[in-house]
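These notes concern the structure reproduced below.
Values in this text are rule-based calculations from the coordinates and carry no lab data. It should be emphasised that the depicted structure is a prediction, and the values quoted were computed from it without experimental measurement. Reconstructed Cβ throughout: ideal geometry from the backbone, glycine too, with neighbour counts over all protein chains shown.
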Amino acid sequence: MPTDLVHPALTATAVHKAYGDHVVLSGIDFDIPTGSVFALLGPNGAGKTTMVQILSTLIRADAGEMRVAGHDVVRDPDAVRATIGVTGQFSAVDGFLTGEENLLLMADLHHLPRRERRQCATDLLERFDLVDAARKPAMTYSGGMRRRLDLAMTLVGRPRVIFLDEPTTGLDPRSRQTMWEIIRRLVTDEGVTIFLTTQYLDEADQLADRVAVLHQGKIVAQGTPEELKRQVGGGHVTLRFADARGHDYAARTLDVVSRDDEALTLQVASQGDVRSLRALLDWLDRASLTVDELQVHAPDLNDVFFALTDNRVAEQEPAR
C-alpha cells in the first residue's frame, strides 16, 4: 500500500527555529490529512515561509519532528523531495525559454523518458490553458500565465504534497479565481495535499479545509474556517434609520457595537443567523421604527485574523 495512504500527509511536533536571539518558530504542531488543503496564515514575518522551507528540506529546524507522506524530514530528505512540489512566492519560470521548453527542462530534471517527457509537457499545457502561448518566451506571459506555468512545472514530478507559498500574490481577481479552480481540482480529482500560505484571508476561506494562525512564532488557533469564526465572533447587523428619533431609541435599547449619529447608523451585535435576524426585525416592527437599510456581517477570517494577532504586524524575519 502506498505510504501516503496509511500516514497523514504532513505532521509536525514541537518544531522550533531561531536565528540568533530571534525566535521564528516556537513549538509548532499540526497534523494534515491526505487530500486536503491546509492554510497557514500570519502577518509578514510570522514564520510562514520558514515553515515551508523546513518541511521542504531547504533549511533545518533546530528541534522538533516532521514527517511528509510518512517520511522523516531530517532522516530521509531525499524521499521527502521525491514526493513534494514547491511553488514559492517568486516564479521559478525561465523567462527566456518558452512555456513548452520550461516544462521539458523540468521533465529532464526529473529524468523522464523522452516519449513521456513530451507527452507530459503537452498534457500540462492543455490542462493549464497555455497551448496558444506554448512556443512564446515566458517573459511575454502575463502574471497569471506565469503562475499557471510555474504550478504546471511543479506537477511534472507528480507530487503528492504541494507547498504553495503565497501563490496568488500580485494577480488580478480573474487570475486568482483561475488559480483557485486549479488548486481545487488538484485536491478533489487527484487527492493531492496542499500546504498553503497566504495573506489573502478570502483565499484561505475559499480553499482551506483547516486553517492555522501563526503569530509571533506560535500557532495561536487552529481548526476549520467555520470553527475559528465561531470562536472569535464579531458578527453584527448594520442598521440605517430614517430619522434621529428612531436611531436614538434603538441605540439606547439594543446591544450596540457602535453608532454613528451623523449617518444615523448602528452596528448591532449578531451572529447573522436566521433566528437572531428574525428577532431583530420583529423588535423593529413592534417598536414601529423605520429602517432604510440593513446589512448583515457574518464573522469571517478577517475577524479571526485581527482578533488573534491583535492587529499587530510582527517584525520581518531577519536576512539569512
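5 Å is the cut-off here: which amide hydrogens, built 1.01 Å from N in the peptide plane, fall below it relative to His215, excluding neighbours closer than 5 in sequence?
Val220
Net charge around Glu116, counting only other residues with Cβ within less than 13 Å of its Cβ (Lys, Arg = +1; Asp, Glu = -1)?
+3
Multiplying the sequence separation of Arg114 and Ala92 by 0.36 nm and subtracting their Cα-Cα distance, what value in nm do you get? Intermediate results must be reported in sequence, preceding the final value.
Working: separation 22, 0.36 × 22 = 7.92 nm, distance 2.27 nm.
My answer for the length gained is 5.6 nm.
For a Förster distance of 41 Å, can you work out the FRET efficiency between the beta-carbons of Ser258 and Thr224, rounded to the nearest 0.05?
So the FRET efficiency works out to roughly 0.90.
Within 12 Å, Cβ to Cβ, of Ala204, how many net charges do the neighbouring residues add up to if Lys/Arg are +1 and Asp/Glu are -1?
Residues near Ala204 contribute -3 overall.
What fraction of the DSSP beta bridges in the chain is antiparallel, stated in percent and rounded to the nearest 5?
70
Please list the non-local residues whose amide H lies under 5 Å from the amide H of Leu10, H modeled 1.01 Å from N, same-chain partners needing a gap of 5 or more.
Excluding prolines and chain starts, which carry no amide H, the hits are Ile32, Ala69.
Quick check: Cα centre of the stretch 260-305 to Cα centre of the stretch 81-129, how many Å?
Cα centres, the stretch 260-305 to the stretch 81-129: 51 Å.
What FRET efficiency, computed as 1/(1 + (r/R0)^6) with R0 = 35 Å and r the Cβ-Cβ distance, is obtained for Asp273 and Ser26, rounded to the nearest 0.05? Please report the intermediate quantities before stating the final value.
Numbers: r = 37 Å, r/R0 = 1.06.
Plugging the Cβ-Cβ distance into 1/(1 + (r/R0)^6) gives 0.40.
To test your reading of the geometry: what angle, between 0 and 90 degrees and rounded to tens, separates the Cα axis of helix 99-109 from the longest principal axis of the chain?
Approximately 60 degrees, to the nearest ten.
To make sure I understand, if each residue's beta carbon is the centre and we count other beta carbons within 10 Å, what order do Met179, Met51 fall in, fewest to most?
Ordered from fewest to most neighbouring Cβ atoms within 10 Å, Met179, Met51 come out as Met179, Met51.
Taking the highest mean first, how do the peptides 84-90, 192-198 order by number of other beta carbon atoms within 10 angstrom per residue?
Working: 84-90: 18.4, 192-198: 23.9.
Packing proxy ranking, top to bottom: 192-198, 84-90.
Under 10 Å, Cα contacts only: if you run a Gaussian network model on the chain, which one of Ala212, Ala221, Ala46 comes out with the highest mean-square fluctuation?
Sorting by GNM fluctuation, first place goes to Ala221.
Can you tell which of Tyr141, Tyr200, Tyr19 shows the greatest fluctuation in a Gaussian network model of the chain with Cα springs below 10 Å?
Tyr19
Compute the signed sum of charges (Lys and Arg +1, Asp and Glu -1) over the other residues within less than 10 Å, Cβ to Cβ, of Arg135. Write out the running numbers ahead of the final one.
Working: positive: Lys136; negative: Glu100, Glu101, Asp132.
Neighbour charge sum, excluding Arg135 itself: -2.
From the Cα gyration tensor of the stretch 114-178, with a ≥ b ≥ c the square roots of its eigenvalues, which class applies: rounded if a/c is under 1.5, or else prolate if a/b is larger than b/c, or else oblate?
Values: a/c = 2.28, a/b = 1.27, b/c = 1.79.
Cα axes put the stretch 114-178 in the oblate bin.
Along the stretch 260-270, what does the Karplus equation 6.51 cos²θ - 1.76 cosθ + 1.60 (θ = phi - 60°) give for ³J(HN,Hα), rounded to whole Hz, x for Gly and Pro?
Going residue by residue, I get 10, 5, 6, 8, 6, 10, 9, 9, 10, 4, 6 Hz, with x marking Gly and Pro.
Anyone know which of Asp150, Asp129, Asp255 comes out most mobile in the 10 Å Cα GNM of the chain?
Asp255
Which whole-Hz ³J(HN,Hα) couplings does the stretch 134-140 yield from phi under the Karplus relation 6.51 cos²θ - 1.76 cosθ + 1.60, θ = phi - 60°, glycine and proline marked x?
My calculation for the stretch 134-140 gives 4, 10, 9, x, 5, 5, 8 Hz in order.
Given the C-alpha centroids of the stretch 205-219 and the stretch 145-197, what is the distance between them in whole angstrom?
Between the Cα centres of the stretch 205-219 and the stretch 145-197 lies a distance of 18 Å.
For Val86, which sequence-distant residues (separation of 5 or more, or a different chain) have an amide H within less than 5 Å of its own amide H, given hydrogens modelled in the peptide plane?
For Val86, the qualifying residues are Phe163.
Report, in degrees rounded to the nearest 10, the 0 to 90 angle that the Cα long axis of helix 274-286 makes with the longest principal axis of the chain.
Roughly 20 degrees between the two axes.
What nm value, rounded to one decimal, do you get for the distance between Ala242 and Ala287 when each label is placed 7 Å out toward the C-beta?
Result for the modelled spin labels: 1.5 nm.
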